[in-house]
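Working notes, beginning with the structure itself.
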Amino acid sequence: LVAFAIALLAFQHYVGDVGEFFSGLFSSMSTRGVLILFFVSETILGMIPPDFFILWAGSFDNPMRMVAVLAMISSGGGFTAYLIGRRISYTQRVNHYLNTKFKTQFEFLNKWGGFFVLLAAMFPLPYAIASLVAGVVRFPMFRFLFFGLARLLRFYLYALALFQISN
C-alpha cells in the first residue's frame, strides 16, 4: 500500500494528475475496452484502483447500473485470481517451496483468511492479490466467495461517496 502511494505521488509529480490521465484514457476507449481493462486489472494484481472506474461510471445516464456491472466484474476478477492461485498451489515445486517457507503464514491465513478477504474486499487493498493468496493457501472456495460478497457493498458505498464528492 505504501509502495502504491509512493508510485501514485511520483506519477502525479512527473506525469500529471492521475484522475485526468485515466479520464483521458477511458474517454479514448470503448465501454467494452474499459470493462476488459478493468477485468484484467482486477485479476492481475489490481494495478488500477477501482475508484477511477467508479468515477468513470458516473458519466453514464444510470451510473449505479454501471457500478453494479463493475462490482460484478471485480468479483469475477477476484474469483479468477483465486482460481489462478489454486492452480499455482498444485504445482509440485511451488507447493513444496511455499509449504516449507511459509507454513506459519499459511496456518494463520487458513484460520483468519475470511477476515483477510473481507478487509481486501472492503478497503483499498489490492483485492486481486488477496484473492490470489487465498487461492494459493487453498482457503475454502465457498468461504472465499461469501466474504468476497463485501466487494459488492464496497462498490456501492464508494460510488455513493465519490458521486457526492464529484457533485
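The values are calculated or read from the model by the stated rules, or taken from the named source; none is laboratory data. Model, not experiment: these values are computed from the prediction. Neighbour counts run over all protein chains shown; Cβ positions are idealised from the backbone, glycine included. Accessible surface areas use protein heavy atoms only, side chains included; no ligands, DNA or RNA. Shrake-Rupley method; radii C 1.70, N 1.55, O 1.52, S 1.80 Å.
At a glance:
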item	result
Counted residues, segment 21-38 - those being within 14 Å of G58 (Cβ to Cβ) and either modelled with pLDDT under 75 or among the hydroxyl-bearing types (S, T, Y) (or both)	5
Odd one out for P63 among (1) more than 24 Å from A130 (Cβ to Cβ); (2) open to solvent by less than 50 Å² (accessible area, probe 1.4 Å); (3) without any contact (Cβ under 8 Å) to a residue 40 or more places away in the chain	(3)
Extreme residue, farthest from L149 (Cα to Cα), among residues of segment 47-99 that are assigned to a loop (DSSP other than H, G, I, E, B) and hydrophobic (A, V, I, L, M, F, W, C)	F60
Count of segment 122-167 residues which are outside any helix (DSSP H, G or I) and either open to solvent by 50 Å² or more (accessible area, probe 1.4 Å) or touching a residue at least 60 places away in the same chain (Cβ under 8 Å) (or both)	8
